[in-house]
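Participant: I have a structure I would like to understand better, so I am pasting it below and will then ask my questions one at a time.
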There are 2 protein chains.
Amino acid sequence: MSNSSIQVADRVSAPDLAAPHVPLNRRRLIAPGPVEVEPRVLAELAQPQMHHRAPEGVAKLIQVRAQLSELLEAPGYEAVIVTGSGTAAFEGALVSLVPGNARVVSAQAGKFSERWGEMARHFGYDTQLVSKPWGELLDPQEVADAAADAHTLLVTHSETSTGALHDLAAIAQAAKAQNPDLIVIADCITSYGVAELRPGEWGIDAVVSGSQKGTATPPGLGLLLLSPSAQERLIPGTPRGFYLDMHRELKGQMSGNTPQTPAINLIYALSASLERLLSVPREVLWAEKKRQNDALLAAGVGVGCRAWASRASPAVAVLCPPAGIGGRAVAAQLAQMGQRALPGQAPHEDTVFRISTMGYTDRYDALGIAGILEDAFTALGADFERGAGVVAAAWAALG
Amino acid sequence: MSNSSIQVADRVSAPDLAAPHVPLNRRRLIAPGPVEVEPRVLAELAQPQMHHRAPEGVAKLIQVRAQLSELLEAPGYEAVIVTGSGTAAFEGALVSLVPGNARVVSAQAGKFSERWGEMARHFGYDTQLVSKPWGELLDPQEVADAAADAHTLLVTHSETSTGALHDLAAIAQAAKAQNPDLIVIADCITSYGVAELRPGEWGIDAVVSGSQKGTATPPGLGLLLLSPSAQERLIPGTPRGFYLDMHRELKGQMSGNTPQTPAINLIYALSASLERLLSVPREVLWAEKKRQNDALLAAGVGVGCRAWASRASPAVAVLCPPAGIGGRAVAAQLAQMGQRALPGQAPHEDTVFRISTMGYTDRYDALGIAGILEDAFTALGADFERGAGVVAAAWAALG
């Protein structure tokens, strides 16, 4: 290959800002969940109504639970599917694993990790917070020290509000080294099926996710995967929940039965989606999702933004727009162009905007999203070299 | 904007040729018909089964006929919808407008235009061919001279087999100048809703298309739009057809009734799709489709191909791969990557490959397709500067 360069800036002129073509744009869901869903997966939802007690329904639950464990590749981990959001699955893990008055440490550095501390306090646990400002990384040793005599550690792997991928391996390993009996409940809502995740090696007892993230299924299912020791430590008949009693759920689901009515259509869809994810080694899946998100980050930098987190989650590109442009304005501009992204979360709505290729979206789509960012930031009056976003995305996506 | 350049080649390295990520690719339909269909349009197909004789079905046929005329912006033209392919609509126009033994001139320079000459001979018309080699343009004066004493001229606007956009305006105007009574039946199968088309000004009597092209609907409907004088010259009870008797069809459809059972679900879908196309001025639609196809052509050139036609149709990028790589190999490589394109048509299967953004596909998708071409041609061993295809597409799509 030659080493010559290609001139971009003198060939790409500013677009027509009136953008009369906008109604012809393809509508895209580029938010960090819900995400784009494969048509084949959506079609599963529309089958003649299935019944969860029919033999096929029972078999499907057993199948999808096995697929969920297979995606984790952690021997002995058992999946529980909650009809609810990821928060419901997290609550199920908390109230079913942590006895009253136990000491809980919540490591937090963003909207979602803060939610888990709030939840622990709500249930009256003796809760200690280990916090970092939004956008920063948790310090593994600091978390481990705080959890040295705790019963349970609540920690978030991929913090969707800031785009940080916390070093869950280092955190969990440091904490367990000091406190082998510690239960680690990990919010892997946007890392499961997206980022490197090895709960067996790392010592994660409960892995929590939701159907509308890396598993690229519509929302409605909370996913919980429990280590062998966590399964043994589940509290029978927890007083802090009935619907979210994971001891009862696990027992029923081991034989294909849910105590309550599950969203069976979503379970069929989840199974179809997992089929695609399981068709490649998980390292390929992780590398591909990282490549796509790197392309989004590179495109953002190309149009004058900067990544908020120093260690970026592959699930979401959280970008600080250049001075004078707020996150809400970016999201509104994208929406006006038919592209559904998100601003930051309160109180950082304007600090950042958030885009994602977590779902049924590939490396080539990332190039299209780079083009969308170019047109959006040009429309917003940003000062950058036209073409730089697409070229930077091409380096990351195709390199 | 600065004039500095961005280095591409020294930053983008060759991809992993084993391409283990391929099962994670989003499947795309990038063939020149059928094309990608908007989910909202597909959902129309799946409504509770509608009936074409119910008041809503009758109203829908009247509505979609009006939409078809509106897209053409040619006052007095009336639409006939045939349940069949574009070929069926063309046959309907031919046998309903041309009496036995009339002299027909077929101007041809590719697979599809050759079909119309073959069809005319099949019906026993006194048929004269005015041919150019595939990939070349028809000469308007040559066609006009041949049609000087003909009854009907058959001519193709966008030749989907070669990617040529013939100068239909010049051809029809020159022919009508010499022979004002000439009937011009134009194959606009891939130009209707895609390329500049002004049948009133140009003197086109019958505009033929199909649902699965620019109107971005599933296949199954042939579309025929007839000028006021063509409507008057329709032959009542043509002996050369029964199902395709356009005199009877037009009469029925003017009041919302089809003599035979129509594909009513497709008619609902077509109406929904036309809504999107009619949401912008047609000049914007034409410019956008040209911009997208220019991006495909530029990407192809960037990876070492050349466009076959000197005057490119905005409906399809027909590209000659570099020496040693055949059109079938390109299409096979794209298929292996989950991307459905087409090779050339016999006897030119290996001369070219064909890709298209004619359907529910936008300028940003064209950037993704450029990335796909980069990976495909790298896998095929082509020698080009990595990144050049995407950068060239960005110039065309965003410039």
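Where a number appears in this text, it was derived from the coordinates with a stated rule and is not lab data. The shown structure was predicted, so the numbers you read here are calculated from the model rather than taken from an experiment. With ideal geometry, Cβ positions are generated from the backbone for all residues, glycine too; neighbour counts draw on all protein chains shown.
Participant: Shielding of B:287-298 by partners, i.e. mean partner chain Cβ atoms within 10 Å per residue?
Facilitator: Neighbouring Cβ atoms belonging to other protein chains average 1 per residue here.
Participant: With charges set only on the Cβ (+1 for Lys and Arg, -1 for Asp and Glu), what does the dipole of the protein assembly as shown come to about its Cα centre, in debye to the nearest 20?
Facilitator: 1040 debye
Participant: What value, in deg cm²/dmol to 500, does the helix sum -39500 (n - 2.57) over DSSP H runs of n ≥ 4 give at 222 nm once divided by the residues of chain B?
Facilitator: -12000 deg cm²/dmol
Participant: Can you list, shortest first and in nm, the gaps between the label point of B:Gln128 and those of its counterparts in the other copies, using a point 7 Å from Cα in the C-beta direction?
Facilitator: When each copy's label point is compared with this one, the spacings are 9.8 nm.
Participant: Now for a separate question. Assuming R0 = 22 Å, can you tell me the calculated FRET efficiency for the pair B:Leu45 and A:Leu29, based on Cβ-Cβ distance, to the nearest 0.05?
Facilitator: Rounded to the nearest 0.05, the efficiency is 0.50.
Participant: Something else: Using Cα pairs closer than 8 Å and at least 6 residues apart in sequence, work out the relative contact order for region B:278-322, in percent.
Facilitator: 37 percent
Participant: Still on this structure: Pairs of alpha-carbon atoms within less than 8 angstrom and 6+ residues apart define the contacts here; what relative contact order does region B:266-392 have, in percent?
Facilitator: Taking the mean separation of contacting Cα pairs over the length of region B:266-392, I get 30 percent.
Participant: Please get the size of the charge dipole for region A:78-126, origin at its Cα centre, with Cβ charges of +1 on Lys and Arg and -1 on Asp and Glu, quoted in debye to the nearest 20.
Facilitator: 120 debye
Participant: In nm, give the distance between the simple-model label positions of A:Ile62 and A:Ser310, each being 7 Å from the Cα along the Cα-to-Cβ direction.
Facilitator: 5.0 nm
Participant: Could you work out how much longer the chain between B:Asn101 and B:Gln173 gets when fully extended? Use 0.36 nm per residue separation minus the Cα distance between them, nm to one decimal.
Facilitator: In short, 23.4 nm is gained.
Participant: Here's another thing I want to ask about it. Report the antiparallel proportion of the DSSP beta bridges in chain B as a percent, rounded to a multiple of 5.
Facilitator: 50 percent
Participant: Once Lys and Arg get +1 and Asp and Glu get -1 on their Cβ, which of A:Ser211, A:Pro343, A:Pro20 lies farthest toward the positive end of the dipole of chain A?
Facilitator: Looking along the dipole axis, the top candidate is A:Pro20.
Participant: Further question on the same structure: If each of A:Asp149 and B:Ser255 carries a label point 7 Å out from its Cα toward its Cβ, how far apart are those two points in nm?
Facilitator: Once both label points are built, they end up 9.3 nm from each other.
Participant: Between B:Val37 and residues 5 or more places away or on another chain, which pairs have amide H atoms under 5 Å apart, with H built 1.01 Å from N, and which residues are they?
Facilitator: HN-HN under 5 Å from B:Val37: B:Tyr360.
Participant: Calculate the mean, over all residues of peptide A:20-30, of how many other protein chain Cβ atoms lie within 10 angstrom of the residue's Cβ.
Facilitator: 6
Participant: Still on this structure, I have one more. In whole Hz, what ³J(HN,Hα) sequence does region B:111-117 give by Karplus (6.51, -1.76, 1.60; θ = phi - 60°), x for Gly and Pro?
Facilitator: Couplings: 4, 6, 5, 4, 4, 6, x Hz.
Participant: Can you find, among B:Gly86, B:Ala107, B:Thr152, the residue farthest towards the positive end of the dipole of region B:84-154? Put +1 on the C-beta of Lys and Arg, -1 on that of Asp and Glu.
Facilitator: Value computed over the given set: B:Gly86.
Participant: Still on this model: How large is ³J(HN,Hα), in whole Hz, for each residue of region A:335-342 in order, when computed from phi with the Karplus curve 6.51 cos²θ - 1.76 cosθ + 1.60 and θ = phi - 60°, using x for Gly and Pro?
Facilitator: 4, 5, 8, x, 10, 8, 10, 9
Participant: Right, next: Test of understanding: in a Gaussian network model of chain B with alpha carbons linked when under 10 Å, which of B:Glu142, B:Glu91, B:Glu196 would top the mean-square fluctuation ranking?
Facilitator: Largest GNM mean-square fluctuation: B:Glu142.
Participant: Out of the DSSP beta bridges found with both residues in the protein assembly as shown, what percent are antiparallel (nearest 5)?
Facilitator: For the protein assembly as shown, the DSSP antiparallel bridge percentage is about 50.
Participant: Which whole-Hz couplings ³J(HN,Hα) result when phi for each residue of region A:179-191 is put into the Karplus expression 6.51 cos²θ - 1.76 cosθ + 1.60, θ = phi - 60°, listed in order with x for Gly and Pro?
Facilitator: Coupling constants for region A:179-191: 8, x, 8, 4, 8, 10, 9, 10, 6, 10, 4, 10, 10 Hz.
Participant: Right, another one. Let's test this: bin the Cα-Cα distances of region A:353-399 at 10 Å from zero up to the farthest pair and state each bin's percent.
Facilitator: So the P(r) values, bin by bin, are 26, 53, 20, 0.
Participant: Using only the Cα atoms of region B:19-117, build the gyration tensor, take square roots of its eigenvalues as a ≥ b ≥ c, and label the shape rounded, prolate or oblate: rounded if a/c is under 1.5, else prolate if a/b is larger than b/c, else oblate.
Facilitator: The shape class here is oblate.
Participant: Using Cα pairs closer than 8 Å and at least 6 residues apart in sequence, work out the relative contact order for chain A, in percent.
Facilitator: 23 percent
Participant: First check a/c for region B:178-256, with a ≥ b ≥ c the square roots of the eigenvalues of its C-alpha gyration tensor; if it is under 1.5, answer rounded, and if not, answer prolate when a/b is larger than b/c or oblate otherwise.
Facilitator: oblate
Participant: Another one. Check which residues have an amide H placed less than 5 Å from B:Gln108's amide H, if you skip close sequence neighbours.
Facilitator: B:Val130, B:Ser131, B:Lys132
Participant: If you don't mind, another one. For A:Phe242 and A:Glu118, calculate 0.36 nm times their separation in residues minus their Cα-Cα distance, and state this gained length in nm to one decimal.
Facilitator: Separation in residues times 0.36 nm, less the Cα-Cα distance, equals 42.6 nm.
Participant: Now, a different point. For B:Ala335 paired with A:Ala332, estimate the spin-label separation in nm (one decimal), with each label point 7 Å from Cα along the Cα-to-Cβ line.
Facilitator: If labels sit at B:Ala335 and A:Ala332, their model points lie 5.0 nm apart.
Participant: Once you charge only the Cβ atoms, +1 for Lys and Arg and -1 for Asp and Glu, what is the size of the charge dipole of chain A about its Cα centre, to the nearest 20 debye?
Facilitator: Result for chain A is approximately 700 debye, rounded to the nearest 20.
Participant: Moving on to the next point. Return the FRET efficiency for the residue pair B:Glu283, A:Ala346: r is the Cβ-Cβ distance, R0 is 56 Å, and the value is rounded to the nearest 0.05.
Facilitator: My answer for the efficiency is 0.80.
Participant: Against the longest alpha carbon principal axis of chain B, how many degrees, from 0 to 90 and to the nearest 10, is the axis of helix B:388-398 turned?
Facilitator: 50 degrees
Participant: Is region B:101-144 best put as rounded, prolate or oblate by its Cα gyration tensor, with a ≥ b ≥ c the root eigenvalues, rounded for a/c under 1.5, and otherwise prolate when a/b is larger than b/c, oblate when not?
Facilitator: Oblate.
Participant: Put a point 7 Å out from Cα along the line to Cβ at A:Ala332; what are the distances to that point in the other copies, in nm, shortest first?
Facilitator: Here A:Ala332 shows inter-copy label distances of 5.4 nm.
Participant: Using a label point 7 Å beyond Cα on the Cα-Cβ vector, give me the inter-copy distances for B:Pro347 in nanometres, one decimal, shortest first.
Facilitator: Values, ascending and in nm: 7.8.
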